[in-house]
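The values are calculated or read from the model by the stated rules, or taken from the named source; none is laboratory data. For clarity, every value in this text was computed on a predicted model and none was experimentally measured. Here the Cβ positions follow ideal geometry from the backbone for every residue, glycine too, while neighbour counts run over all protein chains shown.
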Amino acid sequence: MREVTPIPPEAATLPPPPPTAGQLASQGEQCFARRDYVGAASAFRDALRLQPDNAAVWSNFAAVLYEQHQLDDSILAAREALRLAPGMLEAWNNLGTTLNQAGRPMEAVDAYQAALTIKPSSDVWSNQGSAYKAAGRIEDALTCYGNALALDPTNWRAWSNMLLVLHYSEKHSIAEIAAAHRQFGDAAGTPPAKLPAKTPKKRLRIGLVSADFYNHPVGRLLLPVLQAKQGGRFEWFGYLNNPFRDSVTEQICQALDGARLIASASDQAFAQQVAIDDIDILIDLSGHTRGNRLRAFNQRMAPVQATWLGYAFTTGLPAMDFIIADPGVLPLTDVELYTETPVYLPHFYLLAGQPKTTLKPSPPPMLRQAYPTFGSFNNPAKISAQVLALWVRLLRETPNSRLLFKSKAYADATLCQKMRTLFANDGVASERLSFESESWGDSYFESYSRIDIALDPFPFPGLMTSLDTLWMGVPVVTLQARGGILGRHAARLLELIGHPEWVAHSEDDYLRVVGKLLADPQQLATWRSSLRTKMSHAAFMDGQRFVSDFEAVLVAMAATKGITLDDAPTP
């Protein structure tokens with residue numbers, strides 16, 4: 001009989017055993033850590049098929065769905081985790097974060113409170129502050145950020161959240177806000193010495209850093225600058241800290257000479273990439289807004305560092321050399337508020353592209369209705385108690401008038417009812433108020449056809465909202481309430497389109513300006529049809545002029561650090 005040779009175990013062809021629920025959960029966590037959200041979601045789903053009662057996996061699944069912007073499913077997953085494990089802090093935190101993103105801030109506050117009851121956490125206190133901010137409860141938000149910093153004075157995110165929200169507070173002067181930013185700069189520590197400049201150069205290499213390279217005010221304002229730039233003495237690099245990408249992201253990347261994804265990069269890896277790219281001027285586009293990388297800037301990544309566009313106030317960081325502005329928004333009387341050295345563009349420090357809509361301005365609705373309709377499409381966090389009191393006066397003094405509120409947070413029924421109650425307590429019937437959540441594209445721009453006059457909040461006025469409003473032909477009434485770049489946005493826009501008379505200088509003057517606009521509906525209709533033309537010819541929409549001025553400012557900033565250009569022809 002022929003001898004049978006056994007097959008060694010390593011040569012066996014049996015398929016490997018299927019992964020266990022624990023292995024799939026671990027795989028999902030690894031995918032999540034490297035921001036592979038599709039892979040993470042798939043792994044967590046498979047793990048839950050095998051082990052549907054695993055609360056930790058449900059909580060992690062909720063976090064992945066949030067990152068994929070599947071907010072309704074994320075909420076369901078977080079609630080399932082909490083059904084299985086009511087004391088899971090992470091699940092309460094995930095639920096709060098998703099509810100806030102979904103425009104339900106007061107529900108988010110309750111979720112964060114449940115988490116804090118389980119265990120005090122600096123990050124959760126900061127998150128709860130952000131939910132209060134979204135609901136317009138600014139002083140409550142500031143209290144939360146204070147609690148976060150009391151637990152962890154090095155929590156940079158809580159610092160940034162607090163500094164941003166101070167701008168919404170009517171109880172703090174601009175000098176007090178500036179002092180808080182300086183306090184942050186002191187806490188950040190002394191930055192390293194300035195990097196040596198490599199000069200002369202044929203081209204300046206400019207780096208732009210933001211988490212908002214998408215359909216966000218920063219993305220919308222940056223895109224026309226990049227599209228209008230000329231080839232020659234500059235190379236442009238983008239460092240994208242975005243949570244996600246969209247068509248605006250793709251257009252920005254196409255206009256750049258190099259795009260780097262840094263969302264999952266450590267500060268050290270980010271700095272190494274900036275060094276590899278040989279960046280001369282690194283520009284922060286976030287300030288203290290969400291997703292900023294100020295901690296990395298504080299380590300001095302480039303010879304020249306500047307802030308522009310996304311924050312409109314000082315960062316407070318000693319390592320930030322310049323802030324880009326114009327004399328209209330940052331007069332010499334305000335320079336002491338900034339730790340950076342101002343550099344000035346001659347007209348407006350921003351370039352506005354044409355809003356993406358096919359709609360044309362419509363006649364004022366008061367011509368076909370028996371009453372005027374005011375509108376506020378701003379973030380409700382900007383609507384302070386002082387603003388509400390003034391708008392109550394306006395509605396009481398303008399019989400039959402209506403007020404339309406529109407913003408993402410108005411998906412929260414609790415918030416809407418609170419607003420109705422506040423007005424009703426002062427004699428304004430609830431049926432005179434309307435609330436709409438956010439919309440997009442032409443649906444959003446069509447909303448402007450339902451209002452006659454836009455009411456700008458204060459002390460934090462609108463910028464992108466004001467640009468959209470004016471483009472649709474709707475006059476904006478604003479109050480010049482506080483100094484600093486941010487406080488002058490709306491007033492400066494109105495000056496540049498030839499309507500400084502819509503800028504009020506007191507609350508009584510605010511009501512007077514509105515009354516004068518309402519007194520002549522036909523003139524209102526004329527302005528409605530002419531505002532778009534005025535905007536099209538304004539300095540803040542002249543791309544070629546803006547880019548020429550902007551490049552001159554970049555050359556001047558580089559020269560102050562010893563970086564010069566060799567203007568010899570490029571081979």
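Points to keep in mind about this one:
- Within the range 307-358, restricting attention to residues that are among the polar types (S, T, N, Q) and either at pLDDT below 95 or in a loop (DSSP other than H, G, I, E, B) (or both), the residue that is farthest from the chain's Cα centre (by Cα) is THR333.
- Elements of the type helices (runs of 4 or more DSSP H) sitting completely within the range 127-220 and holding at least 2 residues that are among the polar types (S, T, N, Q) and not assigned by TED's automatic domain parsing to the domain that holds ALA381: these cover 138-151, 156-166.
- The one condition from (1) under 24 Å from PHE297 (Cβ atoms); (2) over 18 Å from the mean Cα position of the chain (by Cα) that ASP140 does not meet is (1).
- Filter pass, ALA385 being closer than 27 Å to THR357 by Cα and either among the polar types (S, T, N, Q) or touching a residue at least 12 places away in the same chain (Cβ under 8 Å) (or both): no
- Residue check, GLY238 outside the structural domain of ALA131 (by TED's automatic domain parsing), closer than 23 Å to MET541 by Cα and at pLDDT below 95: no
- Conditions (1) closer than 17 Å to LYS356 by Cα; (2) in a strand (DSSP E or B); (3) hydrophobic (A, V, I, L, M, F, W, C): number failed by VAL248: (2)
- Where helices (runs of 4 or more DSSP H) fall wholly inside the range 458-571, the ranges with 2 or more residues that are out of contact with any Gly (no Cβ under 7 Å at 6 or more places or on another chain) and either modelled with pLDDT of 95 or more or over 30 Å from LYS171 (Cβ atoms) (or both) are 464-471, 489-496, 507-518, 521-536, 543-560.
- Selected residue (only one of ALA263, ALA306, ALA271, ALA275 is of a type in the set (A, V, I, L, M) and buried (at least 22 other Cβ atoms within 10 Å of the Cβ)): ALA306
- The residue of the range 251-269 that is farthest from GLY441 (Cα to Cα), among those that are out of contact with any strand residue (DSSP E or B) (no Cβ under 7 Å at 6 or more places or on another chain) and assigned to a helix (DSSP H, G or I), is GLN268.
- ALA56 vs. criteria modelled with pLDDT of 95 or more, outside the structural domain of ALA135 (by TED's automatic domain parsing) and either more than 26 Å from the chain's Cα centre (by Cα) or not in a helix (DSSP H, G or I) (or both): yes
- Cβ-Cβ under 7 Å pairs, at least 6 apart or on other chains, the range 429-442 side assigned by TED's automatic domain parsing to the domain that holds LEU403 and assigned to a loop (DSSP other than H, G, I, E, B), far side basic (Lys, Arg) and surrounded by 16 or more Cβ atoms within 10 Å (Cβ to Cβ): SER437/LYS408; GLU438/LYS408
- Restricting the range 166-181 to residues that are buried (at least 17 other Cβ atoms within 10 Å of the Cβ) and not small (Gly, Ala, Ser) leaves a set whose member that is nearest to PRO153 (Cα to Cα) is HIS181.
Residue-by-condition table, conditions (1) in contact with a helix residue (DSSP H, G or I) (Cβ under 6 Å, 6 or more places away or on another chain); (2) aliphatic (A, V, I, L, M):
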position	(1), (2)
LEU350	yes, yes
LYS356	no, no
PRO364	yes, no
GLN369	no, no
THR373	yes, no
ALA381	yes, yes
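- Unique residue being at pLDDT below 95 and either within 16 Å of PRO243 (Cα to Cα) or not assigned by TED's automatic domain parsing to the domain that holds ALA114 (or both) when the list is ARG83, ARG49, ARG35: ARG35
- Qualifying residue in the range 86-109 (condition: modelled with pLDDT of 95 or more, among the small types (Gly, Ala, Ser), in contact with a Gly (Cβ under 9 Å, 6 or more places away or on another chain) and closer than 28 Å to LYS418 by Cα): yes
- Which numbered condition GLY238 fails, given (1) crowded, with 23+ Cβ neighbours inside 10 Å; (2) farther than 30 Å from THR190 by Cβ: (2)
- When the range 379-412 is limited to residues that are part of a loop (DSSP other than H, G, I, E, B) and modelled with pLDDT of 95 or more, the one that is surrounded by the fewest Cβ atoms within 10 Å (Cβ to Cβ) turns out to be THR398.
- Meets criteria (surrounded by fewer than 20 Cβ atoms within 10 Å (Cβ to Cβ), out of contact with any Phe, Trp or Tyr (no Cβ under 6 Å at 6 or more places or on another chain) and among the acidic types (Asp, Glu)) for ASP321: no
- Residues satisfying the stated conditions in the range 262-279, i.e. within 26 Å of HIS181 (Cα to Cα) and in contact with a Pro (Cβ under 9 Å, 6 or more places away or on another chain): ALA263
- For the criterion of being crowded, with 24+ Cβ neighbours inside 10 Å and over 21 Å from ARG203 (Cβ atoms), ALA296 passes.
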